[in-house]
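The values are calculated or read from the model by the stated rules, or taken from the named source; none is laboratory data. Computed from a predicted structure; not experimentally measured. Every residue, glycine as well, gets a Cβ built from its backbone with ideal geometry; the counts of neighbours run over all protein chains shown.
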Amino acid sequence: MATLIIAAMVYDNARLITPNESRCPPLAPLRVRRAALEDAAQWGLGLRMHGQIAPAAYQQATPSRP
């Protein structure tokens, strides 16, 4: 069992120092998530503008921007 743990540690360390290893998350999933949040906000705004939801429910459901 200890051999397996040591092998995993060596493998992880080797991956960290290789130049081909990406250290940043891919940006595409972040863009997709942001676009989905903006679409949901637009949908909620449309419902609010047409009086289909109450102002309190709209404020509660709208995601806050950092």
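Which of the residues that make up segment 1-22 are hydrophobic (A, V, I, L, M, F, W, C) and modelled with pLDDT under 85? Listed by number, the residues that qualify are A14, L16, I17. Determine if segment 23-30 includes at least one residue that is surrounded by 10 or more Cβ atoms within 10 Å (Cβ to Cβ), assigned to a helix (DSSP H, G or I), at pLDDT 70 or above and of a type outside the set (K, R). Looking through segment 23-30, at least one residue is surrounded by 10 or more Cβ atoms within 10 Å (Cβ to Cβ), assigned to a helix (DSSP H, G or I), at pLDDT 70 or above and of a type outside the set (K, R).
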